[in-house]
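Enquirer: Handing you a structure now.
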Amino acid sequence: MAGTQPKDKNGLTPMQEKFCQEVAKGETYSGAFRCAYNTENYKPESVNRKACELMSNVNIVARVDKLREENRERNAVTVESITKELDAQVALASGEKQHSAALSGINTKAKLHGLLVEKKDITTKGRSIGAFGMAHDELTDK
């Protein structure tokens with residue numbers, strides 16, 4: 001499998017690197033092995049075994065972990081990034097006189113920041129239960 005191929009700074013051959021990239025993207029070990037290696041003459045059990053063998057290599061595990069971390073950082077979605085997107089969409093909607101869309105964006109932003117909380121009034125056995133989980137008549141002074 002590894003043969004005499006040159007290894008990179010991570011101690012991996014080009015096919016091992018391809019395997020790591022596929023695993024980091026979410027491919028199964030066997031699927032990643034099929035993407036990285038010529039497996040047309042392999043039995044499915046052999047592909048699975050070889051893929052598991054690769055994942056027992058500490059250099060491969062370390063590289064997959066590093067690639068996954070890089071993917072997480074690159075694809076990070078934060079309250080701040082969503083807020084920026086909402087601000088841009090609200091500005092666009094306002095500029096286009098799409099007031100309903102602008103209000104929807106503002107409402108979504110307020111919910112995102114915890115400024116709006118949905119309250120539900122629940123009725124059970126003919127008694128209305130308020131936001132505090134008590135019947136309305138229990139909330140009044142007697």
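The values are calculated or read from the model by the stated rules, or taken from the named source; none is laboratory data. Quick caveat: nothing in here was measured; it's all calculated off a predicted structure. No Cβ is skipped: glycine too gets one built from the backbone with ideal geometry, and neighbour counts run over all protein chains shown.
Enquirer: Consider residue 68 against the criteria (1) exposed (fewer than 14 other Cβ atoms within 10 Å of the Cβ); (2) outside the structural domain of residue 112 (by TED's automatic domain parsing); (3) touching a residue at least 12 places away in the same chain (Cβ under 8 Å); (4) under 30 Å from residue 113 (Cα atoms): it satisfies all of them except one. Which criterion is unmet?
Expert: (1)
Enquirer: Can you find, within segment 31-54, the residue that is nearest to the chain's Cα centre (by Cα) among those that are under 22 Å from residue 71 (Cβ atoms) and crowded, with 17+ Cβ neighbours inside 10 Å?
Expert: Checking each candidate, the answer is 32.
Enquirer: Considering only segment 104-122, I want to know if a residue exists there that is part of a loop (DSSP other than H, G, I, E, B), out of contact with any His (no Cβ under 6 Å at 6 or more places or on another chain) and at pLDDT 85 or above.
Expert: Filtering segment 104-122 down to residues part of a loop (DSSP other than H, G, I, E, B) leaves 113-121.
Subset that is out of contact with any His (no Cβ under 6 Å at 6 or more places or on another chain): 113-121.
The next check asks that each one be at pLDDT 85 or above; those that pass are none.
The answer is no, given that none of the residues of segment 104-122 is part of a loop (DSSP other than H, G, I, E, B), out of contact with any His (no Cβ under 6 Å at 6 or more places or on another chain) and at pLDDT 85 or above.
Enquirer: Let me ask something additional. Of the numbered conditions (1) acidic (Asp, Glu); (2) in contact with a helix residue (DSSP H, G or I) (Cβ under 7 Å, 6 or more places away or on another chain); (3) in the same structural domain as residue 107 (by TED's automatic domain parsing), residue 27 fails exactly one; give the number of that condition.
Expert: The single condition residue 27 does not satisfy is (3).
Enquirer: Can I ask one more? When you scan segment 83-93, how many residues do you find that are of a type outside the set (S, T, N, Q), surrounded by 12 or more Cβ atoms within 10 Å (Cβ to Cβ) and either within 10 Å of residue 109 (Cα to Cα) or out of contact with any His (no Cβ under 9 Å at 6 or more places or on another chain) (or both)? Spell out how you get there, then give the answer.
Expert: Initial filter on segment 83-93 (of a type outside the set (S, T, N, Q)): 84-88, 90-93.
Those still in the list that are surrounded by 12 or more Cβ atoms within 10 Å (Cβ to Cβ) too: 85-87, 90-93.
Then drop every residue that is not either within 10 Å of residue 109 (Cα to Cα) or out of contact with any His (no Cβ under 9 Å at 6 or more places or on another chain) (or both), which leaves 85-87, 90-92.
Of the residues in that region, 6 qualify.
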